[in-house]
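What follows is one structure encoded as structure tokens, with my remarks underneath.
The values are calculated or read from the model by the stated rules, or taken from the named source; none is laboratory data. Note that the structure is a prediction, hence the values are computed from the model and not measured. Note: ideal-geometry Cβ built from the backbone for every residue, glycine included; neighbour counts use all protein chains shown.
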Amino acid sequence: MFTLTSNKLVRRTVQLSIAAVVLATASVSAQADEMSVSHTLNALEQNMTQASQEMISTAKQEFMLSLQTQIAQQVFEINSSFAEVTFAEPELNKTAIAGQTAENK
């Protein structure tokens, strides 16, 4: 009877030990997975933050370059118009003077 009880006790102890090892292994794996997922999510968040900051910086630079180009074009057009008016004025004055001279004759 002692051997039967002792066999049951040993079998039960081995079963409980196996169950404890399986649970401990599963717990360690779960913690490792959780740590790995957490690390991955942190790295992903940092990468997304950096990428979005770079995109915003690039968009700002492109916007500023576009504004500078538009301003430069408008200044050039104004200067061209002003130059045309300046060159046209002497011709108008010459025509007016020639008209007055013709009237005086």
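Observations, loosely collected:
- Taking each residue of the range 15-41 that is assigned to a helix (DSSP H, G or I) and looking for partners that are surrounded by 10 or more Cβ atoms within 10 Å (Cβ to Cβ) and at pLDDT below 70 with beta-carbon atoms closer than 7 Å, six or more apart or interchain, yields nothing.
- Of the criteria (1) of a type in the set (Phe, Trp, Tyr); (2) surrounded by 10 or more Cβ atoms within 10 Å (Cβ to Cβ); (3) modelled with pLDDT under 65, which one Phe2 fails: (2)
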